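> Sending over a structure as structure tokens; questions will come in a sec.
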Amino acid sequence: MPRFFVVAGLGRFGRAVARTLVEEGQSVLALDVDPERVQEMSHVLPRVARCDCTDMESLRVLGVQGCDVAVVAIGNSMEASILTTLAFKELGVRRVIAKAISDAHGKALTRCGADRVVYPQRDMGVRVAHNLVSANVTEYVQLSPSHSMIELVAGPRLAGKSLRELALSQRYEVNVMAIQRGRRTLVAPRADEVVQLGDILVLLGPDRGIRELEENA
């Protein structure tokens, strides 16, 4: 069953979030104070409105209080993103996800009630740098200050051995969540599953263990 999302702010990040949600079949109301952005996105998104998202009454009239998730994607004004987050929470929105441009901004959003804070610019920089350093890593996601999830292409050192033989959880405290093998995805693979050359291993674990594994893969 589709959920109702509100996306406040139609910069690059907000546009990407709104379009992806619509493509996934979700109900989306996109808001921005800039009439040019609203006009531009009206040809792409089914529901777009001009709105000062710091104005609680304007949000109430648009029915924002009934949404399942609100995404605060305002990036050009810390004050506006903080006030918008406060407005959503005051209206009783169940879950508010807010974009931050700095650690200080993120802390302020958290104190104002944001249920989750994302750092798209910082996270993308970390991901690109990590992928440049580790040639066999196709994806890198920082889950917390100490834990990450990566997609690692199995090379000769891993191929031909079962997960039991590799003992990644014992040696590196890294867990194999899935194996992508061509068009097949093996979720929670068994211990006797033999890794094949070119398999993509979806791994989750502490950064220290992941670095050690990359060095030995």
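The values are calculated or read from the model by the stated rules, or taken from the named source; none is laboratory data. Not measured: the values here are computed from a predicted model. Don't worry about glycine lacking a Cβ; one is built from the backbone with ideal geometry, like all the others, and counts go over all protein chains shown. In case anyone asks, the SASA skips ligands and DNA or RNA and just uses the protein heavy atoms, side chains included. Shrake-Rupley method; radii C 1.70, N 1.55, O 1.52, S 1.80 Å.
> Quick one: which of Val187, Val176 is modelled with pLDDT under 95 and open to solvent by 70 Å² or more (accessible area, probe 1.4 Å)?
Step by step, each of Val187, Val176 is checked, and only Val187 is modelled with pLDDT under 95 and open to solvent by 70 Å² or more (accessible area, probe 1.4 Å).
> When you look at Leu31, is it closer than 18 Å to Ala114 by Cβ and part of a strand (DSSP E or B), yes or no?
It is true that Leu31 is closer than 18 Å to Ala114 by Cβ and part of a strand (DSSP E or B).
> Of all residues being open to solvent by less than 30 Å² (accessible area, probe 1.4 Å) and part of a strand (DSSP E or B) in segment 145-164, which is modelled with the highest pLDDT? Just the residue, please.
Ranking the candidates gives Ser162 first.
> A follow-up question, please. Report yes if Phe4 is open to solvent by less than 20 Å² (accessible area, probe 1.4 Å) and in contact with a helix residue (DSSP H, G or I) (Cβ under 8 Å, 6 or more places away or on another chain), otherwise no.
So Phe4 fails the test.
> Gln39 - would you say it is closer than 18 Å to Ala87 by Cβ, open to solvent by 60 Å² or more (accessible area, probe 1.4 Å), free of Cβ contacts under 8 Å to residues at least 60 places away in the same chain and among the polar types (S, T, N, Q)?
no
> What residue, of Arg15, Arg47, is touching a residue at least 24 places away in the same chain (Cβ under 8 Å), open to solvent by 50 Å² or more (accessible area, probe 1.4 Å) and of a type in the set (Lys, Arg)?
Answer to the check: Arg15.
> Which number in (1) of a type outside the set (Val, Ile, Thr); (2) touching a strand residue (DSSP E or B) at 6+ places or on another chain (Cβ under 7 Å); (3) in a loop (DSSP other than H, G, I, E, B) marks the one condition that Phe5 misses?
Going through (1) of a type outside the set (Val, Ile, Thr); (2) touching a strand residue (DSSP E or B) at 6+ places or on another chain (Cβ under 7 Å); (3) in a loop (DSSP other than H, G, I, E, B) one by one, Phe5 breaks only (3).
> Out of Arg127, Arg116, which single residue is of a type outside the set (Ser, Thr, Tyr) and either modelled with pLDDT of 80 or more or closer than 19 Å to Gly14 by Cα (or both)?
Arg116
> Right, next: Just to be sure I understand the filter: pairs with C-beta atoms under 7 Å, separated by 6 or more residues or on different chains, first member in segment 75-102 and over 17 Å from Val64 (Cα atoms) and free of Cβ contacts under 8 Å to residues at least 24 places away in the same chain, second member aliphatic (A, V, I, L, M) and assigned to a helix (DSSP H, G or I). Which pairs pass?
Correct list of pairs: Ala100/Leu109.
> Test of understanding: among Val22, Val64, which residue is farther than 15 Å from Lys99 by Cα, in contact with a Leu (Cβ under 8 Å, 6 or more places away or on another chain) and open to solvent by less than 20 Å² (accessible area, probe 1.4 Å)?
Val64
> Quick one: in segment 79-118, of everything that is open to solvent by less than 10 Å² (accessible area, probe 1.4 Å) and in a helix (DSSP H, G or I), which residue is nearest to Val141 (Cα to Cα)?
Gly106
> Testing Asn76 on (1) modelled with pLDDT under 95; (2) buried (at least 18 other Cβ atoms within 10 Å of the Cβ), one condition comes back false. Which one is that?
(2)
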